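J.: Let me begin by handing over the structure; questions about it come next.
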Amino acid sequence: MGAFSKTLMVAAAFGLGLTAAADARDLRIASGAPPAHPSNGYLYKPFAEYLAEETNGELTTIELGTEVVGLGQMKDALQTGLVDVGNLLPLYFPAELPNFALAGELALSGRDAHAMGAALTEYTVTCDTCQKELSDFGMVYLGSGSSDQYALLTKTPVSTQADVEGLRLRSGGAPYSRWAEHFGATPVSVSVLETFEAMSQGTIDGSMASIGDLLAFRLVELVKNVTVLPLGTYFATSNLTTAAPTWASLSPEQREAMARAANRANADMTQRWGYDFPQIAEKAALEAGITIAEADPAFVQAAADFAKADQEAAAAISAERYGMEDAPERIAEFNRLIAKWEAISEEVGHDRDAIVERVWDEVWSKVDFATYGM
């Protein structure tokens, strides 16, 4: 079948969906991630189940694999209607989504996974400029999640700052590049999907990443040392981004049900990515003979001090590149939300079910679904 015919079929299906919003319908969903990534079995599969449950079968799903749309194509897939709900990586589009870009610049602030996902969710849902950016982008936001705290995954032992000097480290973003340069390492921009090849070929000496990458990307075969440092988390996500026309075609009751399903699935993914999978990866690492140890206390303190100081760089970058003159105030608000949700996460013992309930009560229950995202 030709590309034009496929386009006509997608457009026809999409049009029928718009005219029959009140009837049972399938939504096309796509994680865009490789099979081993937590966003598959612990985000999109639960979301599909929860959506059918929350809507009493009015909304069901068809999941599209990476052979149809990958993370790199998700923006176009959402904007053209090929995908109704997709895993968008906002940091791919910093100019269009500067509030997410600012959150990405604050990656080193992350410590508790549930707290970071909840903090960004509350920030984005209640931020007028965030909502306008997303509306202009043709998309609706339904929450975020977070990884565990990153570590240094290296081929050689690292304990002190002197040990990291001269190493070539994969960097997943600007904050990590600044961190590497500050401590004498060389940051290397490599896709997470290419980390194994880059390390096996000697292009890099290690990665600043989740310990879960040992299993998700086979790094357990190459890494010899895991060094625990305050390296923040990856939380600038929009896990279940919904195409604006799809959202507009739903009733307010269906939108609320969809938000409930997304809230539950986001917590599932964060529980897996931020807590359960790292524990599994740590066990596998120890069985493989990999050394796991916290860095020298002086290095730990230096890294923590840098993370705090780096917020000034984040504010300056956001002001210069994206015209966010109020970046310091936005950072202060985000820090307030981080503190709020760290306290809540600690209070409930980082319990997934309790987080689902609190995020709904604190954030989504206050949303008017007749107007949100419209």
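The values are calculated or read from the model by the stated rules, or taken from the named source; none is laboratory data. Only a predicted model underlies this, so the values are computations on that prediction, with no experimental measurement involved. Backbone-built Cβ (ideal geometry, glycine too); neighbour counts: all protein chains shown. Note: areas computed on protein heavy atoms with side chains; ligands, DNA, RNA excluded. Shrake-Rupley method; radii C 1.70, N 1.55, O 1.52, S 1.80 Å.
J.: Is at least one residue of region 193-200 at pLDDT below 95, aliphatic (A, V, I, L, M) and either open to solvent by 40 Å² or more (accessible area, probe 1.4 Å) or in a strand (DSSP E or B) (or both)?
T.: yes
J.: Name the one entry in Ala354, Ala339 that is open to solvent by 50 Å² or more (accessible area, probe 1.4 Å) and within 21 Å of the chain's Cα centre (by Cα).
T.: Ala339
J.: Right, something else. Inside region 161-186, can you point out the residues that are touching a strand residue (DSSP E or B) at 6+ places or on another chain (Cβ under 6 Å) and either open to solvent by 40 Å² or more (accessible area, probe 1.4 Å) or of a type in the set (S, T, N, Q) (or both)?
T.: Of everything in region 161-186, those that are touching a strand residue (DSSP E or B) at 6+ places or on another chain (Cβ under 6 Å) and either open to solvent by 40 Å² or more (accessible area, probe 1.4 Å) or of a type in the set (S, T, N, Q) (or both) turn out to be Arg168, Ser171, Ser177, Thr186.
J.: What are the pairs with Cβ atoms under 6 angstrom where one residue, in region 125-145, is among the hydroxyl-bearing types (Ser, Thr, Tyr) and the other, located anywhere, is not in a loop (DSSP other than H, G, I, E, B)? Sequence gap at least six, or different chains.
T.: Correct list of pairs: Tyr141/Thr124; Tyr141/Leu134; Tyr141/Ser238; Ser144/Gly117; Ser144/Leu120; Ser144/Thr121.
J.: Among Thr129, Thr66, Thr124, Thr61, which is the only one that is assigned to a loop (DSSP other than H, G, I, E, B), polar (S, T, N, Q) and either out of contact with any Lys or Arg (no Cβ under 9 Å at 6 or more places or on another chain) or open to solvent by 30 Å² or more (accessible area, probe 1.4 Å) (or both)?
T.: Values: Thr129 fails: assigned to a loop (DSSP other than H, G, I, E, B); Thr124 fails: assigned to a loop (DSSP other than H, G, I, E, B); Thr61 fails: assigned to a loop (DSSP other than H, G, I, E, B).
Result of the check over Thr129, Thr66, Thr124, Thr61: Thr66.
J.: Within region 263-272, does at least one residue satisfy the condition of being modelled with pLDDT of 95 or more, at negative phi and of a type in the set (Gly, Ala, Ser)?
T.: Yes, there is a match, as at least one residue in region 263-272 is modelled with pLDDT of 95 or more, at negative phi and of a type in the set (Gly, Ala, Ser).
J.: Something else about it: For region 244-329, please list each of the helices (runs of 4 or more DSSP H) lying entirely inside it that holds at least 3 residues being of a type in the set (Lys, Arg) and closer than 30 Å to Tyr50 by Cα.
T.: Those helices (runs of 4 or more DSSP H) span 252-271.
J.: Oh, and also: Restricting attention to region 280-291, which residues are surrounded by fewer than 12 Cβ atoms within 10 Å (Cβ to Cβ) and not small (Gly, Ala, Ser)?
T.: Hits for region 280-291 are Lys283, Glu287.
J.: Look through Ala257, Ala307, Ala265 and report the one residue that is over 19 Å from Ser345 (Cβ atoms), out of contact with any Lys or Arg (no Cβ under 6 Å at 6 or more places or on another chain) and open to solvent by less than 50 Å² (accessible area, probe 1.4 Å).
T.: Going through Ala257, Ala307, Ala265 in turn, the sole match is Ala257.
J.: Given the structure, is Gly206 open to solvent by less than 10 Å² (accessible area, probe 1.4 Å) and touching a residue at least 60 places away in the same chain (Cβ under 8 Å)?
T.: So Gly206 does not fit the description; no.
J.: Here's something else I'd like to know. Against the condition surrounded by fewer than 15 Cβ atoms within 10 Å (Cβ to Cβ) and at pLDDT 95 or above, how does Ala248 come out, does it pass?
T.: yes
J.: Can you pull out every residue in region 152-174 that is under 28 Å from the mean Cα position of the chain (by Cα) and modelled with pLDDT of 95 or more? First the steps, then the outcome.
T.: Here is the first cut: in region 152-174, the residues under 28 Å from the mean Cα position of the chain (by Cα) are 152-155, 158, 164, 167-174.
Scanning region 152-174 gives Leu152, Leu153, Thr154, Lys155, Val158, Val164, Leu167, Arg168, Leu169, Arg170.
J.: I'd like the full set of residues that are among the hydrophobic types (A, V, I, L, M, F, W, C) and part of a helix (DSSP H, G or I), limited to region 132-157.
T.: If the condition is that a residue be among the hydrophobic types (A, V, I, L, M, F, W, C) and part of a helix (DSSP H, G or I), then Leu134 is the only one that fits.
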